[in-house]
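Data block below; observations after.
FYI, it's all coordinate maths here, none of it is from the lab. Keep in mind that this is a model prediction, so the values were computed, not measured. In this analysis, Cβ positions are derived from the backbone assuming ideal geometry, glycine residues included, and neighbour counts consider all displayed protein chains.
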Amino acid sequence: MTTTENASAWPDLKPTALLVLADGTVLEGFGLGAEGHAVGEVCFNTAMTGYEEILTDPSYAGQIITFTFPHIGNVGTNDEDIETVNMAATPGARGVILRTAITEPSNYRATRHLDQWLRARGIVGLSGIDTRALTALIRSKGMPNAVIAHSKSGQFDLGALKKEAREWPGLEGMDLVPMVTSAQRFTWDETPWEWNKGFGHQTHPEFNVVAIDYGIKRNILRLLAGVGCKVTVVPATTSAEDILAMNPDGVFLSNGPGDPAATGKYAVPVIQKVIKSGRPTFGICLGHQMLGLAVGARTKKMHQGHHGANHPVKDETTGKVEITSMNHGFAVDQATLPKGATQTHVSLFDGSNCGIQLDGKPVFSVQYHPEASPGPRDSHYLFQRFADLMRERKRA
């Protein structure tokens, strides 16, 4: 083979995407998804499945996701696996980082290529970098602020991108719930997906549940409906008086993005009144963190967070270990839990708090995502526990 033939066989590919970290580090790759740029906190997710659900999880607002699994996009996308409830809101993740280019989809449920789907949702993507090295950097130095940029021309204003990454304040102190919460009240009756059947509908609900939407996922609502709930979803700023006026059998505190202490400024007084009313209350993720704040505990920023579908959690009330789905960068500081709030679950990765129960009250919460989507179903029993608490209160 001649020198000329060698040159054409191995072209000098020009980078069309950049990841610019706040410390000035620049990683070059190849763009996918939407053109443009976005600023956020870079985290890594260890799940091997469910990239569409992850990218539409409102809890990822303000974050750029690095997938550690290399084959992302190989099953395409479809309209059933979206987790965002408020379709008019800002989509969950601000950007996505992949090891390899997206392959053609190979799955009978696929209706669209992931690259087309990302463009339609305005999500900037980058491929072709060593995601294991980036993950190792996050593990050693924590989750960095960064700008992800994609330009087909390969032309970037690097100085401006570095400045934006350096000056972005980060998630601490940031209330992102207004970006993802529902604008108005609505009801939900869709039940979980079944093989070859799709989604069902709850036609004979036993319970009336009010779900406070801090960025709620569809599969949470489906599992609530699946255990007999008629669910009324209300915006995050709904008052306790309006919630209790609906005479709910129980109140659900949803997941969501951002710093719980910032959201708690308006959410905590509402939660305190709900607890005082005696209604069974169940919280997940951000809802768990704000329940902790409502009883007097504090929350803290984590070094690398928990993001994946394979996290072991021990139930300290039974001794059992559950494999769970997680997505959070803040945690309840168990050392600050007051008397009357008992830790029920703990992470076996780092010992951080993953669940609490209020003594003598029908109130509990978990840090992880028992609805999974994606992930294991070990923790579905928690939705039945919530239903049992509502049934006991109705009988009483």
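Computed quantities for the displayed model
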quantity: Long-range tail of P(r) for region 177-395 (Cα pairs > 24 Å, %); calculated: 37
quantity: Listed residues Ala309, Pro235, Ser59: farthest to the positive end of the dipole of the chain (Cβ charges); calculated: Pro235
quantity: Amide H within-cut-off set for Thr281, under 5 Å, with H built and near neighbours excluded; calculated: Val251, Val363, Phe364
quantity: Segments 173-186, 136-149, 103-116 sorted - mean Cβ within 10 Å per residue, highest first; calculated: 136-149, 173-186, 103-116
quantity: Dipole magnitude of region 77-236 about its Cα centre (Cβ charges: Lys, Arg +1; Asp, Glu -1), debye to nearest 20; calculated: 440
quantity: Highest average packing first - 241-248, 194-201, 258-265, 286-293, Cβ atoms within 10 Å; calculated: 286-293, 258-265, 241-248, 194-201
quantity: Distance cut-off 28 Å, percentage of C-alpha pairs in the chain lying past it; calculated: 46
quantity: Nearest-ten-degree value, helix 158-167 long axis tilted from longest Cα axis of the chain; calculated: 20
quantity: Among the listed pairs Lys14/Lys301; Lys217/Lys320; Lys14/Lys217; Lys197/Lys273; Lys273/Lys320; Lys141/Lys163, those beyond 31 Å (Cα-Cα); calculated: Lys14/Lys301; Lys14/Lys217; Lys197/Lys273; Lys273/Lys320
quantity: For Thr324, distant residues with modelled amide H under 5 Å away; calculated: His311, Val313
quantity: Phi-based couplings in Hz for region 50-55 (Karplus 6.51, -1.76, 1.60; Gly and Pro marked x); calculated: x, 4, 5, 5, 5, 5
quantity: Cut-off 17 Å, label 7 Å out along Cα→Cβ of Val26, residues of region 146-176 by amide N; calculated: 146-167
quantity: Degrees between helix 260-277 axis and first principal axis of the chain (Cα, 0 to 90, nearest 10); calculated: 20
quantity: Calculated P(r) tail over 24 Å for region 294-396, as whole % of Cα pairs; calculated: 24
quantity: Kirkwood-type radius of region 7-167, with distances r between different C-alpha atoms, in Å; calculated: 15.9
quantity: From phi via Karplus (6.51, -1.76, 1.60), per-residue ³J(HN,Hα) for region 289-299 in Hz, x at Gly/Pro; calculated: 4, 6, 5, x, 4, 5, 9, x, 7, 10, 10
quantity: Rounded tilt (10° steps) of 381-395 against the dominant C-alpha axis of the chain; calculated: 20
quantity: Proximal aspartates and glutamates to Lys314, defined as alpha-carbon separation beneath 20 angstrom and excluding residues fewer than eight positions away on the same chain; calculated: Glu322, Asp333, Asp350, Asp359, Glu371, Asp378
quantity: Mean residue ellipticity (222 nm) of the chain, computed from DSSP H runs ≥ 4 via -39,500 (n - 2.57), nearest 500; calculated: -7500 deg cm²/dmol
quantity: Only Lys, Arg (+1) and Asp, Glu (-1) charged, at Cβ; region 179-261 dipole about Cα centre in debye; calculated: 260
